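Beneath this line is the structure, given in structure tokens, with notes to follow.
The values are calculated or read from the model by the stated rules, or taken from the named source; none is laboratory data. Predicted, not measured: the structure shown is a model, and the values here were computed from it. Methodologically, a virtual Cβ is constructed for each residue, glycine included, from the backbone with ideal geometry; neighbour enumeration extends over all protein chains shown. Heavy atoms of the whole protein, side chains included, go into the accessibility calculation; ligands, DNA and RNA do not. Shrake-Rupley method; radii C 1.70, N 1.55, O 1.52, S 1.80 Å.
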Amino acid sequence: MRWNVHGERTLYDTPWVRLRSLDVEQPDGARAEYHVVRLRDLAVAAAVDDQQRVLMMWRHRFVTDTWAWELPMGLVEDGESPEAAGARELEEETGWRPAAMRELVYAQPAAGITDTQHFVFRADGARRIGEPTERNESDRVEWIPLADVPGMIRRREIVSSATLVGVMALLLDTRP
């Protein structure tokens, strides 16, 4: 049931989004044109304190015109490791610097249409170093009790898939 790619051409290309047309051969031998969105990888930082709270940002997403709680996240820059990107995003967006980062979960959202990878890290021992330097990210930053997260998900106060994957992984995480 393997699909084979015979070629790829650019339809649209920006630093943020790359739309490609692929010439694919399906398992039954039929050839077809298939569109793929190529996106940069995403790093997500789930900072947890010793009171079992997670650091989250209340933010507006203009594309959907919605407000919700999210974990700090951003694109992995060229030559940057996902772990370093997660730590950088946490610091830029919240003003908190992690002491330790460890991979919590890896995801491929919408793997049938995009190739982006999401790397979610648990950040422990975060300390406040100042105000966020990224001023266009959120209205407020708060430590949210992990026990409150399931209710927030049910009430659609957390809707970003990267954040959902991250907080659900936190709730399942039993490692020290």
- Which residue, of Leu170, Leu90, is open to solvent by less than 60 Å² (accessible area, probe 1.4 Å), in contact with a helix residue (DSSP H, G or I) (Cβ under 9 Å, 6 or more places away or on another chain) and either assigned to a strand (DSSP E or B) or not charged (D, E, K, R) (or both)? Leu170
- Task: Being part of a strand (DSSP E or B) and small (Gly, Ala, Ser) is the filter; apply it to segment 7-46 and report the residue that is farthest from Gly125 (Cα to Cα).
- Result: Ala32
- Going by the structure shown, is Asp13 surrounded by 11 or more Cβ atoms within 10 Å (Cβ to Cβ), of a type in the set (Asp, Glu) and in contact with a Gly (Cβ under 7 Å, 6 or more places away or on another chain)? no
- Item | segment 47-57, residues that are open to solvent by 60 Å² or more (accessible area, probe 1.4 Å) and either in a strand (DSSP E or B) or in contact with a Phe, Trp or Tyr (Cβ under 7 Å, 6 or more places away or on another chain) (or both) | Arg53
- Message: Need the failing condition index for Arg154 against (1) basic (Lys, Arg); (2) over 16 Å from Ala46 (Cα atoms); (3) within 14 Å of the chain's Cα centre (by Cα), just the number.
- Response: (3)
- Note on the structure: Flagged pairs (Cβ under 7 angstrom, 6 or more apart or on separate chains; first in segment 165-176, more than 15 Å from His118 (Cα to Cα) and basic (Lys, Arg); second at pLDDT 95 or above and not in a helix (DSSP H, G or I)) are none
- Task: Quick one: Glu83 ticks every box in (1) open to solvent by 60 Å² or more (accessible area, probe 1.4 Å); (2) without any contact (Cβ under 8 Å) to a residue 24 or more places away in the chain except a single one, so which number is it?
- Result: (2)
- Message: If I ask for residues that are under 16 Å from Ala87 (Cβ atoms) and open to solvent by less than 20 Å² (accessible area, probe 1.4 Å), which ones from segment 113-161 would you list?
- Response: Val120, Phe121, Ala123
- Query: With respect to the numbered conditions (1) in contact with a helix residue (DSSP H, G or I) (Cβ under 7 Å, 6 or more places away or on another chain); (2) among the small types (Gly, Ala, Ser); (3) part of a helix (DSSP H, G or I), which one is the sole condition not fulfilled by Ala123?
  - Reply: (3)
- Task: Could you run through segment 72-131 and say how many residues are acidic (Asp, Glu) and under 11 Å from Ala47 (Cα atoms)?
- Result: 2
